[in-house]
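Okay, so here's the structure we're looking at.
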């Protein structure tokens, strides 16, 4: 009698619920998968996975060197890549003691099997020199392989916002044929809070310069990315992004951009001006012309216009009259 393929149940957390639902839909679309112990040498990473670790031969050899690994653990200047590799070494050491506790998922790809999710377990098994690894096996590529990868990737502590966004963009592309994806639907598929899902969608569907800033590592916080995407003025948003690139936090960048857009009025030093100085001239003809235009020929003072003292007094009297009039 043929033994029916093993089935797996999930439960207990957002991630396992999300995997359960995604796997359920994948089973319907691609046939029920089964579990078997698969030779590690017949498995390969998925080159289209945005989260692909891309372990080089040099890095793999370094991870097999206990002296180099021990030195890196005590180093105070660990790079992000070294931290990823050390966590992989930790997983391999755990497998040496306890084995592979959770199967990976693969699908047939020619004569080999390609990883849908579980790449870290695959590399760790190779480091631990484990010959066979438990795997959920599908005969064909799952219809939602990007979603399956996102479910696992989004819940990795070592995945930064750029990596998460790449996954979200891949999932949205995969789901595009099924219609518009809402925040509620994305949250349900990948097992994250609906608020976070809406923010991912806001960034994914928002201005391209914000996505570029996230992928470049300038923006590392999802709330900041969503807030930047909400700035509709292209110039203002560009200024904010440039300030973030210089190391300012979100609040300071927004405040500085607003100052640049609406500079405060220049404050005068000393006491405020209470009067207007009309200046001075050595040409008494200018004074006579002004007074004649305002007063008329009949009211123009009869004085010796070459006498500067007399002209000065007449000018003061003229200004006093103008102040009273107006």
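The values are calculated or read from the model by the stated rules, or taken from the named source; none is laboratory data. On a predicted model such as this, the values are computed, not experimentally measured, just so you know. Cβ: placed from backbone, ideal geometry, glycine included. Neighbour counts: every protein chain shown.
Mind checking which residues of region 129-161 are modelled with pLDDT of 85 or more and either closer than 13 Å to residue 190 by Cβ or surrounded by fewer than 20 Cβ atoms within 10 Å (Cβ to Cβ) (or both)?
129, 130, 131, 132, 134, 137, 161
Considering (1) under 25 Å from residue 87 (Cβ atoms); (2) part of a helix (DSSP H, G or I); (3) at pLDDT 85 or above; (4) in contact with a helix residue (DSSP H, G or I) (Cβ under 6 Å, 6 or more places away or on another chain), say which one residue 219 fails and leave the rest.
With respect to (1) under 25 Å from residue 87 (Cβ atoms); (2) part of a helix (DSSP H, G or I); (3) at pLDDT 85 or above; (4) in contact with a helix residue (DSSP H, G or I) (Cβ under 6 Å, 6 or more places away or on another chain), residue 219 is out only on (2).
Within region 166-198, can you find the residues that are surrounded by 21 or more Cβ atoms within 10 Å (Cβ to Cβ) and within 22 Å of residue 232 (Cα to Cα)?
If the condition is that a residue be surrounded by 21 or more Cβ atoms within 10 Å (Cβ to Cβ) and within 22 Å of residue 232 (Cα to Cα), then 197 is the only one that fits.
Tell me whether region 92-114 contains one or more residues that are under 29 Å from the mean Cα position of the chain (by Cα) and modelled with pLDDT of 90 or more.
no
I'd like the full set of residues that are within 16 Å of residue 282 (Cβ to Cβ) and surrounded by fewer than 10 Cβ atoms within 10 Å (Cβ to Cβ), limited to region 301-326.
Matches in region 301-326: 306, 309.
Select from region 56-67 the residues that are in a helix (DSSP H, G or I) and closer than 21 Å to residue 45 by Cα and list them in ascending order.
Across region 56-67, the qualifying residues are 57, 58, 59, 60, 61, 62, 63.
Sort through 210, 235 and tell me the only one that's surrounded by 15 or more Cβ atoms within 10 Å (Cβ to Cβ) and either under 30 Å from residue 263 (Cα atoms) or free of Cβ contacts under 8 Å to residues at least 24 places away in the same chain (or both).
Result of the check over 210, 235: 210.
Can you say whether residue 70 is assigned by TED's automatic domain parsing to the domain that holds residue 127, part of a helix (DSSP H, G or I), more than 19 Å from residue 134 (Cα to Cα) and at pLDDT 90 or above, as far as the supplied structure shows?
Criteria met by residue 70.
If you take the residues of region 171-183 that are part of a helix (DSSP H, G or I) and at pLDDT 75 or above, which of them is farthest from residue 48 (Cα to Cα)?
183
State yes or no: is residue 186 in a helix (DSSP H, G or I) and free of Cβ contacts under 8 Å to residues at least 24 places away in the same chain?
Yes, satisfied.
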